[in-house]
Amino acid sequence: MDLSLSPETNKLLGELREWSMSELRPFAREADRTHSIPEGAVKALETCPMQTSPFGGRVEYPRRNEPSFVASEADGTYVLSYAVAEEMVYGDVLALVITKGNGIGGKVVSLMGNDEQKERWAGGLDRGEFHYSGFALTEPHCGSDAAALRTTAVRDGDNYVINGHKQFCTGGSISDFVVVFATVDPSQGSRGIRGFVVPKGTPGFNVIRANESKLGSRVFSTSELSFENAVIPAENMLGWPDPDAAGFVKAMETLNSTRGSVGAMATGLAQAAVDQAASYLVKNRTSFSVGRAARFADELERMNSALMTSRYLARRVAWRIDQGLPHTSQASMAKAYGPQVAERVAARVLQLMGPDGYSEEYLVEKWHRDLKIQDIWEGTGNIQRIVISRALGTTGFLPA
Ligand SMILES: Cc1cc2nc3c(=O)[nH]c(=O)nc-3n(C[C@H](O)[C@H](O)[C@H](O)COP(=O)(O)OP(=O)(O)OC[C@H]3O[C@@H](n4cnc5c(N)ncnc54)[C@H](O)[C@@H]3O)c2cc1C
């Protein structure tokens, strides 16, 4: 397994880090306070070396058409996409919401849709016709146990009629379309579940709450949605006309390719916290006792190594996806380990900086709050550990 990146790719990553620190980070506090995307951050995107979203998907090299472009082995791969995601989030989680073509909905279409659907919906995001897309699986009574969902899709002539209630849909209120998971036959359990593209503006597609008030990552709109006799063309069922092309198993496989990127994003932000603490130590060293300075430096070294492991786990998944190799348990390892380490790192950094870490003077307290979600969404750490246990053959020891 060769995870080395070409000089061209490393140059891009360096530029991205510089951009995310100097152009994006200045808007992080405002985004947190207002729970919305600051105008300045949208403007800052104009100077970003990467215009399209790397989150959860493949990215094309931005300088591909320039005469000076030297093809990189990582070009257009998941390895590149995860590395880019890490560097963009290094500035702040704000990076997650401002890039074009964002949201996991497009990713789902590109993995589960037929050619026409890929061209129309995922392609629309690439071309900039759509800005954001949502993925609505979780319901008020179920998230981890997604197979228990109750939203229904009933065939009516050339249409499907969707009825149900979805919760915690990232970007749901601002999405141009949302991929809604619903059952076409509740008696079939998970085998009856399909994904449907529901465009914004569909009558009966209601935003009950645009943005949940929450601990961190407040700039994401986390929406509660309802579908009341929402009629969509039958060809909006992913994989149409093959009823088995886009079932529940396929949806779970889709998440396998995005979970590693959650590990990468968490690593990027936690690395920013470690680097901020390192600068803080260097600046204040003379006023620290010898004991405090030594303990501080020692802990930062350990955290840096743990983040290196998280980075490796995430890139390993990306590499396996690029090679067409199975990657379910590897994705779960990256998702279970990376966010948990990142959360602990942010908490330790805050502690090491003491009252300054707790203060809004620094972004560490915010990143500590922002990071918590990475261990919850796209399958909690606990659920990932169950998947890993299955690969180890030890699930029998876990409570049902
Ligand atoms: C900010 C935010 C954004 C989100 N975005 C989206 C989105 O875009 N689309 C979407 O569909 N969903 C989204 N979600 C929902 C999220 O994916 C779910 O909340 C998550 O998967 C947990 O599912 P749950 O809500 O059913 O909680 P539960 O499953 O009830 O989990 C509660 C706790 O119990 C633990 N637990 C549950 N079952 C087990 C078990 N068998 N063994 C051990 N521990 C267990 C969990 O690990 C967790 O700690 C989002 C959530 C949040 C907070």
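The rule of thumb for compact globular proteins, 2.2 N^0.38 Å, goes into the C-alpha radius of gyration of the chain 0.99 times. Our coupling estimate for the range 245-258, obtained by passing each phi through the Karplus curve with A = 6.51, B = -1.76, C = 1.60 and θ = phi - 60°, is 5, 10, x, 5, 4, 5, 4, 5, 5, 4, 5, 4, 8, 9 Hz, Gly and Pro reported as x.
Considering amide H positions built from the backbone, and no H for Pro or chain starts, which residues 5 or more places from ILE208, or on another chain, come under 5 Å of its amide H? For ILE208, the qualifying residues are GLU224, LEU225, SER226. The charge dipole of the range 248-321, taken about the Cα centre with unit charges on the Cβ atoms of Lys, Arg (+1) and Asp, Glu (-1), comes to about 120 debye, rounded to the nearest 20. Mean-square fluctuations from a GNM of the chain, with a 10 angstrom spring cutoff on Cα atoms, peak among GLU224, GLU212, GLU301 at GLU301.
Footprinting exposure proxy ranking of LEU45, LEU24, fewest other C-beta atoms within 10 angstrom first, gives LEU45, LEU24.
Looking at the chain, what % of its DSSP beta bridges pair antiparallel, to the nearest 5? Kindly include the intermediate steps, with their values, before the conclusion.
Working: 27 of 34 bridges.
For the chain, the DSSP antiparallel bridge percentage is about 80.
For the chain, a Gaussian network of Cα nodes joined below 10 Å ranks LYS214, LYS118, LYS11 by mean-square fluctuation, and the top entry is LYS11. In sequence order, the range 209-217 has phi-based couplings of 9, 5, 8, 5, 7, 8, 4, x, 6 Hz under the Karplus curve 6.51 cos²θ - 1.76 cosθ + 1.60, θ = phi - 60°, and Gly or Pro positions carry x.
In the chain, the calculated helix contribution to ellipticity at 222 nm averages -14500 deg cm²/dmol per residue, counting -39,500 (n - 2.57) for every DSSP H run with n ≥ 4. Across the range 387-394, computed HN-Hα scalar couplings (Karplus, 6.51 cos²θ - 1.76 cosθ + 1.60, θ = phi - 60°) run 4, 5, 4, 4, 5, 7, x, 10 Hz from first to last residue, x flagging Gly and Pro.
I need the fraction of alpha carbon pairs in the range 248-397 separated by more than 28 Å, rounded to a whole percent. Pairs farther apart than 28 Å: 28 percent.
Within a 10 angstrom radius of the beta carbon, how do CYS142, CYS48 rank from fewest other beta carbons to most? All intermediate terms of the calculation are to be shown ahead of the outcome.
On the way: CYS142 14, CYS48 20.
Exposure proxy ranking, most exposed first: CYS142, CYS48.
Applying a threshold of 21 Å to the alpha-carbon distances of LYS118/LYS250; LYS200/LYS372; LYS43/LYS200; LYS43/LYS166 flags LYS200/LYS372; LYS43/LYS200; LYS43/LYS166 as lying beyond it.
Roughly how big is the chain's charge dipole about its Cα centre, with Cβ charges of +1 (Lys, Arg) and -1 (Asp, Glu), in debye to the nearest 20?
Working: 42 positive and 47 negative charges, 210 e Å.
Taking the Cα centre of the chain as origin, the dipole is about 1000 debye.
Once backbone amide H atoms are built at 1.01 Å from N, ASN159 has ALA234 as its partners under 5 Å, excluding neighbours fewer than 5 places away on the same chain.
Each reported figure results from applying straightforward, stated rules to the coordinates on display, with no laboratory input. Predicted, not measured: the structure shown is a model, and the values here were computed from it. Note: ideal-geometry Cβ built from the backbone for every residue, glycine included; neighbour counts use all protein chains shown.
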